[in-house]
Amino acid sequence: MAGTTVAGAAGTAQQAADPFIVDGVALGSRLITGTGGAPSLDGLGAALIASGTELTTVAMRRYSPAETGSLFQLLVDHNIRVLPNTAGCFTARDAVMTAELAREALETDWVKLEVIADEHTLLPDAVELVDATEQLVNRGFKVFAYTNDDPVLALRLENLGATAVMPLGSPIGTGLGILNPHNIELIVSRASVPVVLDAGIGTASDAALAMELGCDAVLLATAVTRAQNPAMMGEAFKHAVIAGRLARAAGRIPRREHALASSAMEGRAEFL
Amino acid sequence: MNITLNGTAHAVDDGASVTTLVSQVTGRNLAPNGQAADGQKLGVAVARNSEVVPRSQWFVTALAEGDDVELVTAVQGG
């Protein structure tokens with residue numbers, strides 16, 4: 001495809017045939033991973049590789065000389081693209097400042113915009129989110145907007161120039177899955193930018209459902225990093241996203257009230 | 001002179017630039033363009049008195065007494 005570049009070498013043939021294209025970049029995996037909650041960098045690296053991800057979020061925090069190993073270097077070494085977030089920002093001002101620092105530090109204009117209302121719910125603050133999206137788009141950022149599962153707000157963010165909209169399935173870290181599948185379908189049906197299901201994923205079937213609902217990709221962190229076996233769960237999600245994507249494209253059967261036999265009634269043997 | 005670095009008091013030589021400070025704290029040698037001299041990614045950014053200082057400006061930006069500097073990097077996160 002013209003104007004696209006292929007990122008990473010981890011994609012399987014299956015994935016490569018159906019790249020996730022965002023901002024003109026073709027990613028071989030539709031799984032975007034976060035890095036929060038992993039107990040060690042080594043374990044995190046193994047989980048990321050097993051998941052097949054080619055795009056991974058990081059947070060921006062004060063530099064500490066005591067930290068051993070560099071997360072950024074780990075991602076560079078594994079050819080995984082970095083998506084800095086604005087986690088922990090409560091205002092548009094803080095989010096814009098954090099995004100500017102991330103652009104300088106990591107040399108990318110992609111940013112996962114996260115402006116949360118309070119620490120109890122970690123839900124996006126719609127007013128600040130809209131304000132920050134507008135400011136960041138004007139400053140040349142490619143905004144991946146983490147948003148509520150609100151079809152109206154999602155469209156507003158797209159109209160402001162968001163590169164992707166990322167509705168939550170349920171609050172961050174809860175593992176409650178997709179609480180309002182209908183809204184996610186509505187967001188997908190009206191969007192002309194990629195829709196990424198972000199937050200609330202608990203296990204593989206949640207990610208498969210997101211893809212079946214028509215999402216272009218899934219973003220998750222805790223579900224892998226805090227699983228009892230993060231690398232195994234990473235691999236599970238890799239397959240779940242592919243399975244859900246295929247099921248969406250294949251076209252599921254309609255739901256019906258009553259049973260429908262798949263074996264013909266004609267030609268049965270008769271027993272007297 | 002004394003500045004504040006990431007919220008705590010920090011002493012630097014008079015006339016030190018942002019490059020000097022970043023190099024001192026990270027233990028990496030920096031080229032005048034703000035990139036690491038070893039060619040690897042540096043992965044840090046600097047805000048001085050709530051303004052981001054582009055790495056291309058680190059070398060020519062002198063620190064002043066009382067400056068409030070934030071030095072950030074990528075860490076694990078959502």
Could you check how many residues of the range B:41-62 are open to solvent by 10 Å² or more (accessible area, probe 1.4 Å) and touching a residue at least 12 places away in the same chain (Cβ under 8 Å)? 13
Among the residues of the range A:55-77, which ones are in contact (Cβ under 8 Å) with a residue 40 or more places away in the chain and more than 7 Å from every other protein chain (Cβ to nearest Cβ)? A:LEU55
For the condition under 28 Å from A:THR33 (Cβ atoms), surrounded by fewer than 20 Cβ atoms within 10 Å (Cβ to Cβ) and touching a residue at least 60 places away in the same chain (Cβ under 8 Å), what is the one hit in B:ASN2, B:ASN6? B:ASN6
Among residues of the range B:17-28 being touching a strand residue (DSSP E or B) at 6+ places or on another chain (Cβ under 7 Å) and more than 12 Å from chain A (Cβ to nearest Cβ), the residue surrounded by the most Cβ atoms within 10 Å (Cβ to Cβ) is B:THR19
Among the residues of the range A:211-222 satisfying the criterion of being in a loop (DSSP other than H, G, I, E, B) and open to solvent by 10 Å² or more (accessible area, probe 1.4 Å), which is farthest from the other protein chains (Cβ to nearest Cβ)? A:GLY214
Scope the range A:105-141; condition crowded, with 21+ Cβ neighbours inside 10 Å, farther than 16 Å from A:CYS89 by Cα and at pLDDT 95 or above; matching residues: A:TRP110, A:PHE141
Among A:GLY45, A:GLY34, A:GLY28, the single one that is more than 8 Å from chain B (Cβ to nearest Cβ), modelled with pLDDT under 95 and surrounded by 22 or more Cβ atoms within 10 Å (Cβ to Cβ) is A:GLY28
Selection from the range B:62-78 of residues modelled with pLDDT under 90 and not in a loop (DSSP other than H, G, I, E, B) yields B:ALA74, B:VAL75, B:GLN76
Report yes if some residue within the range A:81-97 is open to solvent by 60 Å² or more (accessible area, probe 1.4 Å), over 26 Å from A:VAL165 (Cβ atoms), in contact (Cβ under 8 Å) with a residue 40 or more places away in the chain and more than 8 Å from every other protein chain (Cβ to nearest Cβ); otherwise report no. no
Looking only at the range B:29-39, filter to residues that are surrounded by 13 or more Cβ atoms within 10 Å (Cβ to Cβ) and within 18 Å of A:PRO65 (Cα to Cα); which one of those is farthest from the other protein chains (Cβ to nearest Cβ)? B:LEU30
Can you tell me how many residues in the range B:62-76 are within 13 Å of chain A (Cβ to nearest Cβ) and either β-branched (Val, Ile, Thr) or more than 18 Å from A:GLU107 (Cβ to Cβ) (or both)? 7
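The values are calculated or read from the model by the stated rules, or taken from the named source; none is laboratory data. These figures come from a predicted structure and were not determined experimentally. Counting neighbours? That spans all protein chains shown, and the Cβs are built from the backbone with ideal geometry, glycine included. Accessible surface areas use protein heavy atoms only, side chains included; no ligands, DNA or RNA. Shrake-Rupley method; radii C 1.70, N 1.55, O 1.52, S 1.80 Å.
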